Amino acid sequence: MNVPLFSAQARNQALEESLQESFSRVLRSGQFILGDEVTAFEAELGRWMGGVEAVGVSSGTDALLCALMALEVGRGDEVIIPAFTFFSTAGVVARLGATPVFCDVCPACYQVTPEMMEAVRTSRTRAVIPVCLFGHCPDMEGIVNWAGEHEIAVVEDIAQALGARVGDVRAGTLGDFGCTSFFPTKNLGGMGDGGMIFTECTHRAERLRALRNHGMEPRYYHSRVGGNFRLDALQAALLRDKLPYLDGDLEARASHAHEVMDRLRTHPLVQVGCPSTCDCSGGGRKGSEAMISLPFIRPGQTPAWNLLTVRVHHGQRHCLREVLGKAKIGNEIYYPVPLHRQECLREVTVAGTLPHAELLADEVLSLPVYPELSREQLAWISDTLLGWLDRVSR
Ligand SMILES: *Cc1c(COP(=O)(O)O)cnc(C)c1O
């Protein structure tokens, strides 16, 4: 049975008629960049996020870049980021001439902790970018409190976690800025690139709106250097069609992730988290013979499952990948190289040893949880993993 890692096809095909209508509407309007569609989409998503300002931009990467520019992060500043995340988070810091300072992550929940950030804080630390990796949130309350004490700005990278909640509050509205992406594989996936920045502050939102358009305010007067980070009208119109399905999609993703995890958890070689090295102190203890660790979900949060990412121990990941490949189950390593080991960042970063980030790079494996997975496909994923575990345990 074929189970791709991602598929937006089912949703897009079901919506084909309204997507076509939206295309025609934009075509006839003649307004292709920003304009009414973008303003309407910003209002709708801002409301969905709990009533915050929302500023549409050209990608998740540009959302991060624009937020850091609004904070005037630049040369001489340090920005703390997790070593285990997508490249964007570090790339934007380096592009502004600031120094990305990498911190380690918890090996059970894969997220940064305030303690790990504190360990690399200096007097030059201007901002931190906690990432909600795979749709799970770090201890955001702890991070925001800690950052506040030290007058450090918080830019949340929720590119993989649109819709996640910490308590009753949406991830992306807890820090100074929240940045998300509409890359097609994200929870709200577009038909091209796009992104959004969230902030509670109307003044900051105005600054972002100028920065996404070359820092121009009013027309042809530039008080700061911005860029072309504008969102296309067509992208906004298509995303407006998909937004009403996001709540249902998030529920389906969570239900799929739990269905697979509940089946796996029954196996003696599967544990939750990794209590021996974990600061989250979560999960059952099955000891060091475990083959697979399921992600530990920090209490008090509702993840927005973008992927189900497990750890495969004892150097057996390549072996499991072969089995999954033969079973036609899509899987991928996000991410095989921690950022402090990336060639282009070696010269500009400050990093000590980050053992958990390196361990995760060697052990993580991501599995599909997108909303359109069928019962049969989900069973096939669980059966294949359990079958492999039975064979290796013999
Ligand atoms: C996808 C992603 C980004 C970047 O988003 P783009 O829209 O592709 O630029 C940033 N951070 C993380 C963690 C991501 O997964």
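The values are calculated or read from the model by the stated rules, or taken from the named source; none is laboratory data. These figures come from a predicted structure and were not determined experimentally. Heads up, the Cβs are rebuilt from the backbone with ideal geometry, glycines too, and the neighbour counts pull from every protein chain shown. Side chains included, ligands, DNA and RNA excluded: accessible areas come from the protein's heavy atoms. Shrake-Rupley method; radii C 1.70, N 1.55, O 1.52, S 1.80 Å.
Run the numbers for residue 219 and residue 9: contour at 0.36 nm per residue of separation, minus the present Cα-Cα distance, in nm. Intermediate values should be presented prior to the final figure.
Numbers: separation 210, 0.36 × 210 = 75.60 nm, distance 4.07 nm.
Here the answer is 71.5 nm.
At a probe size of 1.4 Å, how large is the accessible area of residue 126, to the nearest 10 Å²?
Its accessible surface works out to 80 Å², give or take rounding.
When the Karplus curve 6.51 cos²θ - 1.76 cosθ + 1.60 is applied with θ = phi - 60°, which whole-Hz ³J(HN,Hα) does each residue of the range 88-104 get, with x for Gly and Pro?
Coupling constants for the range 88-104: 2, 4, 8, x, 5, 5, 5, 5, 8, x, 8, 9, x, 10, 8, 10, 7 Hz.
How many angstrom lie between the Cα centre of the range 320-394 and the Cα centre of the range 57-97?
Going from one Cα centre to the other spans 26 Å.
Hey, what does the equivalent ellipsoid look like for the chain, semi-axes from the Cα gyration tensor as sqrt of 5 times each eigenvalue, largest first, whole Å?
Details: eigenvalues 239, 148, 55 Å².
Here the semi-axes work out to 35, 27, 17 Å.
Say R0 is 51 Å: what FRET efficiency, to the nearest 0.05, do residue 44 and residue 289 get from their beta-carbon distance?
Numbers: r = 50 Å, r/R0 = 0.98.
For residue 44 and residue 289, the calculated efficiency is 0.55.
Quick one: which of 7-13, 163-169 comes out on top by average Cβ neighbours within 10 Å, and what's the full order, highest first?
Values: 7-13: 14.0, 163-169: 17.6.
Result, highest mean Cβ count within 10 Å first: 163-169, 7-13.
Give the residue list of chymotrypsin sites (Phe, Trp or Tyr not before Pro) in the range 211-243 that are DSSP loop and have at most 12 other beta-carbon atoms within 10 angstrom.
Taking the range 211-243 and a limit of 12 other Cβ atoms within 10 Å, the loop chymotrypsin sites (Phe, Trp or Tyr not before Pro) found are 220, 221.
Taking only protein heavy atoms and a 1.4 Å probe, what accessible area per residue, in Å², does the chain have with all protein chains in place?
Numbers: 16460 Å² over 394 residues.
Counting only protein heavy atoms, the per-residue value for the chain is 42 Å².
Taking 25 Å as R0, compute the FRET efficiency from the Cβ-Cβ separation of residue 362 and residue 386 and round it to 0.05. Show your work: numbers first, answer last.
On the way: r = 23 Å, r/R0 = 0.93.
Approximately 0.60, to the nearest 0.05.
Given 0.36 nm per residue, what is the gain on full extension from residue 318 to residue 201 after removing their alpha carbon distance, in nm? Display every interim value, and only then the final one.
Numbers: separation 117, 0.36 × 117 = 42.12 nm, distance 4.72 nm.
Separation in residues times 0.36 nm, less the Cα-Cα distance, equals 37.4 nm.
I need the Kirkwood Rh of the range 151-222: take the reciprocal of the average 1/r across all distinct C-alpha pairs and report it in angstrom. If you can, show how the numbers build up before the last one.
Details: mean 1/r = 0.0744 Å⁻¹.
Roughly 13.4 Å, rounded to one decimal.
Place the peptides 362-374, 308-320 in order of packing, highest mean first, counting for every residue the other Cβ atoms within 10 Å and averaging per peptide.
Numbers: 362-374: 20.4, 308-320: 17.9.
Top to bottom by mean Cβ count within 10 Å: 362-374, 308-320.
At q = 0.11, 0.17, 0.23 Å⁻¹, what is the base-10 log of I(q)/I(0) for the range 62-157 according to the Debye formula with one equal point scatterer per Cα and no solvent? Please give it to two decimals.
-0.26, -0.64, -1.22
Provide the packing ranking of 233-240, 244-251, 104-111, i.e. peptides ordered by the mean count of other C-beta atoms within 10 Å per residue, highest first. Can you show the working numbers first?
Working: 233-240: 24.1, 244-251: 15.2, 104-111: 26.0.
Result, highest mean Cβ count within 10 Å first: 104-111, 233-240, 244-251.
Ignoring any ligand, DNA or RNA, what whole percent of the accessible area of the chain comes from carbon and sulfur when the probe is 1.4 angstrom?
Values: 8270 of 16460 Å².
That share works out to 50 percent.
Over the chain, with a Gaussian network built from C-alpha contacts below 10 Å, which listed residue (232, 241, 262) shows the highest mean-square fluctuation?
262
How big is the Cα convex hull of the range 1-57 in projection, averaged over all directions, in nm²? Display every interim value, and only then the final one.
Working: hull surface 23.5 nm².
Reported value for the Cα convex hull: 5.9 nm².
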